[in-house]
1. At what distance in nm do the modelled label points of ALA145 and ALA108 sit from each other, each positioned 7 Å from its Cα along Cα→Cβ?
2. Please list the non-local residues whose amide H lies under 5 Å from the amide H of ALA64, H modeled 1.01 Å from N, same-chain partners needing a gap of 5 or more.
3. Normalising by the residue count of the stretch 21-159, find the relative contact order in percent from Cα pairs under 8 Å and 6+ residues apart.
4. Tell me which residues come under 5 Å, amide H to amide H, from TRP84 once H is placed; ignore anything under 5 positions away on its chain.
5. Each residue of the stretch 43-57 in turn: what ³J(HN,Hα) in whole Hz from Karplus with 6.51, -1.76, 1.60 and θ = phi - 60°, glycine and Pro shown as x?
6. Pull out the extension gain between ALA33 and GLN89, defined as 0.36 nm times the separation in residues minus the alpha carbon to alpha carbon distance; nm, one decimal.
7. Apply the Karplus curve 6.51 cos²θ - 1.76 cosθ + 1.60, θ = phi - 60°, to the phi angles in the stretch 82-95 and return the couplings in whole Hz, x for Gly and Pro.
8. Please check which bits of the stretch 35-49 a label hung off ASP137 would reach, taking the label as a point 7 Å along Cα-to-C-beta and the cut-off as backbone N under 20 Å.
Amino acid sequence: MSLSIESPCEVEPPSTVTIDDASCATQVDRIMAMAHVPTTGHVVVIGHHTLPSLLALLQRGCGAVRCLRPGAPSPDRETADLAWIVDVQDDEELDEALRAARARIGAAGRVVIEGQGCSCRANLASICDHAVAIGLDVVAFDHKANRVVLAMQPRLAMAA
């Protein structure tokens with residue numbers, strides 16, 4: 001009789017996203033411009049399959065990038081200028097990602113949610129409802145790219 005003591009771990013399949021340098025660079029430039037964040041800003045990418053976003057940010061000169069999984073422990077609380085939510089699986093993960101983003105951005109920080117990669121049941125309008133419930137306000141929409149930019153609500157930003 002054999003006993004295995006290995007702990008099960010969640011295995012995530014590799015990203016199927018191909019990295020096209022020109023298109024990734026354009027996407028990062030557009031996101032940084034929408035969020036009014038310089039390419040040298042501190043960025044946290046939250047979600048699954050974050051490698052393409054991480055590489056695109058590094059290629060554009062952003063040297064302070066960190067990736068987080070929704071709901072995963074994150075002992076450091078380094079402040080970020082931009083929290084970019086790229087791929088969440090459901091409404092619960094969306095809320096966890098938004099909480100993590102809100103905890104990371106300062107009063108002037110921004111949160112960008114990629115609605116295209118969001119597998120939750122919410123459409124872009126209801127993603128905004130989730131954000132407002134957590135204490136973030138809508139700053140801008142990019143309807144063509146299905147993307148929304150958020151910031152700390154003014155009363156919460158003054159307290160931060």
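Every number here is computed from the coordinates shown, using simple stated rules; none is lab data. In this text, all values refer to a predicted model and were calculated from it rather than measured experimentally. Positions of Cβ are generated from backbone atoms using ideal geometry, with glycine treated the same way; all protein chains shown enter the neighbour counts.
1. It is 2.2 nm.
2. Result for ALA64 returns VAL43.
3. Working: 274 pairs, mean separation 29.0, N = 139.
Relative contact order here is 21 percent.
4. VAL44, VAL45, ILE46, VAL112
5. Whole-Hz 3J(HN,Hα) from phi for the stretch 43-57: 10, 10, 9, 10, x, 9, 6, 8, 4, x, 5, 4, 5, 5, 5.
6. Taking ALA33 through GLN89 to full extension adds about 17.5 nm, to one decimal.
7. 9, 10, 10, 8, 10, 7, 10, 8, 7, 4, 5, 5, 4, 4
8. Residues 35-37 fall inside that zone.
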